Amino acid sequence: MATGTSLSAVFPLGSRLNERGVLEIGGCDAIELARTFGTPAYVVAEDDLTARARAFTGAARQLHPDMQVVYASKAFPCTAVLALFAREGLWCDAASGGELHLALAAGFAPERIVLHGNAKSEAELRMALRHRVGLIVLDNFDEIDRLSGLIAEGDGGDRGAGGQPVLVRVNPDVRGETHEKISTGQADSKFGFSMDQAGEAIERVRAAAGLSLEGLHAHIGSQLLELEPFRRACRQLAALGEFPVLDIGGGLGVSYLEGQPAPPSAEEYLTAIVAALDRPGGRLLVEPGRSLTANAGVTLYTVESVKQNVSRWVAVDGGMSDNLRPMLYGAGYEAHVADRFGGATECVLAGKHCESGDVIVRDALLDDPRPGDVIVTPATGAYGFAMANNYNGVPRPPVVFCAEGRAREVVRRESFEDLTARDQPAPVQHDAQGGG
């Protein structure tokens, strides 16, 4: 592969192979990053995040007088990522008390936070009320009663006659073309009210003390590459009546492999939504998650061993502890030797964990991989960090931001000591005779 040229869209914007044939992310040499910060490591092009945020907010301003871009923080719930998006004027979608805590710590104004989830605890609802979040999305009848009851007990503070602003989560019975484990809008889903229940839910919220019904919320799934499912979902919401706020969720997909069909652009996606809803007034919310972060990040690994059984197995120092998506639902990724792109050696890129299914890329094409090589997998800026875990006692990787040739660690690597930091000392045991 020619050096000095830009790489495919699966890599962060501005990525290139330098004159020595080494991958550069944000102007930083990938081999040097591996030496400096160790591997595995999540490496993020900071300017890529900014550019994608501005593509969404710029298109939103052009298309509708009050369309707000709400970052679905579950995609990459890292404080530095959240803070960047807060500075760019985005709102934040939180799906738990922990994500709400992160959003507040990163600088999101409470009124620009949307709290949703299908099983919000009483503690999470109290937290949202205490911080006076902008919108709480109600998912079920139990939650309507629970939230209204908390407000009646005084947890909501004095919000005046209006009460706590809420949305009703509606399941629009729209299935997008995606993996069943990330499809959420079909008729039988754990999320939201069915279309048959939506009318009753709306009336229950209107009648509940302390709640102010602002509108409707829907989300049909993730990694969607066609626009028609979004149009159908918009039409379903519009059929339920006029509301001040409509939140049509997110789900716009990204490219994970070179040669995959390109996803719609931010402008194409938002244009389709605005046209389908056909409402010049009111507030529209959209919740891009992975489309803001996935292609902004790569993961660096070091090869530990290479062996030929039937297949050639290339084992690296990470795997299912830093990228669980291939094991959860067969997500596909590319892999390259960071200083020798364009290989033709068929390999199975495997992780280090004690599971036969710990395979990052089943059919990788690498250039004669050897122990010590640095391997890069692109498009890992969504759901890698979010799903990272300590299986086999492996510490979680750092997050490194790169821009204009400078790198900074925004999340440090976990240590072995971190693995025991939450342990409580065992109490001293005494026998019945009072001995120690």
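The values are calculated or read from the model by the stated rules, or taken from the named source; none is laboratory data. Small disclaimer: the values here were computed from a predicted structure and weren't measured. With ideal geometry, Cβ positions are generated from the backbone for all residues, glycine too; neighbour counts draw on all protein chains shown.
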Failed condition for ASP368, given (1) in contact with a His (Cβ under 9 Å, 6 or more places away or on another chain); (2) on the phi > 0 side of the Ramachandran plot | (1)
So GLU24 clears everything in (1) within 30 Å of LEU129 (Cα to Cα); (2) without any contact (Cβ under 8 Å) to a residue 60 or more places away in the chain; (3) of a type outside the set (Lys, Arg) except one condition, right? Which one?
-> (1)
Return a yes/no flag: does the range 234-247 have any residue that is assigned to a loop (DSSP other than H, G, I, E, B) and within 17 Å of the chain's Cα centre (by Cα).
-> no
Output for the range 88-104, where each listed residue is out of contact with any strand residue (DSSP E or B) (no Cβ under 6 Å at 6 or more places or on another chain) and of a type in the set (Asp, Glu) = GLU88, GLU99
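So which of PRO397, PRO369 ends up being more than 17 Å from GLY38 (Cα to Cα) and either surrounded by 10 or more Cβ atoms within 10 Å (Cβ to Cβ) or charged (D, E, K, R) (or both)? Step through it out loud before you land on a result.
On the way: PRO397 fails: more than 17 Å from GLY38 (Cα to Cα).
Of the residues listed, the single one that is more than 17 Å from GLY38 (Cα to Cα) and either surrounded by 10 or more Cβ atoms within 10 Å (Cβ to Cβ) or charged (D, E, K, R) (or both) is PRO369.
Please determine whether any residue of the range 38-46 is out of contact with any Cys (no Cβ under 8 Å at 6 or more places or on another chain) and among the β-branched types (Val, Ile, Thr). Quick ask: steps written out before the conclusion?
Start the filter on the range 38-46 by keeping residues that are out of contact with any Cys (no Cβ under 8 Å at 6 or more places or on another chain), which leaves 38-42.
Those left that are additionally among the β-branched types (Val, Ile, Thr): 39.
Yes, some residue in the range 38-46 is out of contact with any Cys (no Cβ under 8 Å at 6 or more places or on another chain) and among the β-branched types (Val, Ile, Thr).
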Across the range 291-347, which residue is surrounded by the most Cβ atoms within 10 Å (Cβ to Cβ) among those that are over 20 Å from the mean Cα position of the chain (by Cα) and among the hydroxyl-bearing types (Ser, Thr, Tyr)?
-> TYR301
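Given the condition among the hydroxyl-bearing types (Ser, Thr, Tyr), closer than 24 Å to GLU46 by Cα and either modelled with pLDDT of 95 or more or touching a His at 6+ places or on another chain (Cβ under 6 Å) (or both), answer yes or no: does some residue in the range 216-225 qualify? Break it down into steps so the answer makes sense when it comes.
First, pick out the residues of the range 216-225 that are among the hydroxyl-bearing types (Ser, Thr, Tyr): 222.
Still in the running and closer than 24 Å to GLU46 by Cα: 222.
Checking which are either modelled with pLDDT of 95 or more or touching a His at 6+ places or on another chain (Cβ under 6 Å) (or both) leaves us with none.
Within the range 216-225, not a single residue is among the hydroxyl-bearing types (Ser, Thr, Tyr), closer than 24 Å to GLU46 by Cα and either modelled with pLDDT of 95 or more or touching a His at 6+ places or on another chain (Cβ under 6 Å) (or both).
Within the range 406-415, track down each residue that is touching a strand residue (DSSP E or B) at 6+ places or on another chain (Cβ under 6 Å) and touching a residue at least 60 places away in the same chain (Cβ under 8 Å). Lay out the reasoning, then the answer.
From the range 406-415, those touching a strand residue (DSSP E or B) at 6+ places or on another chain (Cβ under 6 Å) are 407-411; that's our starting set.
Of everything in the range 406-415, those that are touching a strand residue (DSSP E or B) at 6+ places or on another chain (Cβ under 6 Å) and touching a residue at least 60 places away in the same chain (Cβ under 8 Å) turn out to be ALA407, GLU409, VAL410, VAL411.
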Residue under evaluation PHE191, criteria (1) at pLDDT below 90; (2) over 27 Å from the mean Cα position of the chain (by Cα), criterion not met = (2)
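Suppose the filter is outside the structural domain of ALA388 (by TED's automatic domain parsing), farther than 30 Å from GLY241 by Cα and either touching a Gly at 6+ places or on another chain (Cβ under 9 Å) or at pLDDT below 95 (or both); does PRO280 pass it?
Details: outside the structural domain of ALA388 (by TED's automatic domain parsing): yes; farther than 30 Å from GLY241 by Cα: no; either touching a Gly at 6+ places or on another chain (Cβ under 9 Å) or at pLDDT below 95 (or both): yes.
No, not satisfied.
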Are there any pairs, at least 6 apart or on different chains, whose C-beta atoms fall under 7 Å, with the first in the range 329-340 and modelled with pLDDT of 95 or more and the second among the acidic types (Asp, Glu), and if so, which?
-> GLU334/GLU258; VAL337/ASP367; VAL337/ASP373; ARG340/ASP367
Selection from the range 118-156 of residues surrounded by 19 or more Cβ atoms within 10 Å (Cβ to Cβ), free of Cβ contacts under 8 Å to residues at least 40 places away in the same chain, assigned to a loop (DSSP other than H, G, I, E, B) and not charged (D, E, K, R) yields VAL133
Given the structure, is LEU49 under 30 Å from HIS219 (Cα atoms), surrounded by fewer than 20 Cβ atoms within 10 Å (Cβ to Cβ), among the hydrophobic types (A, V, I, L, M, F, W, C) and in contact with a helix residue (DSSP H, G or I) (Cβ under 9 Å, 6 or more places away or on another chain)?
-> no
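Here is a yes/no grid of residues against (1) farther than 27 Å from VAL69 by Cβ; (2) at pLDDT 95 or above:
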| residue | (1), (2) |
| --- | --- |
| ALA105 | no, yes |
| VAL114 | no, yes |
| LEU135 | no, yes |
| PHE141 | yes, yes |
| GLY157 | yes, no |
| VAL168 | no, yes |
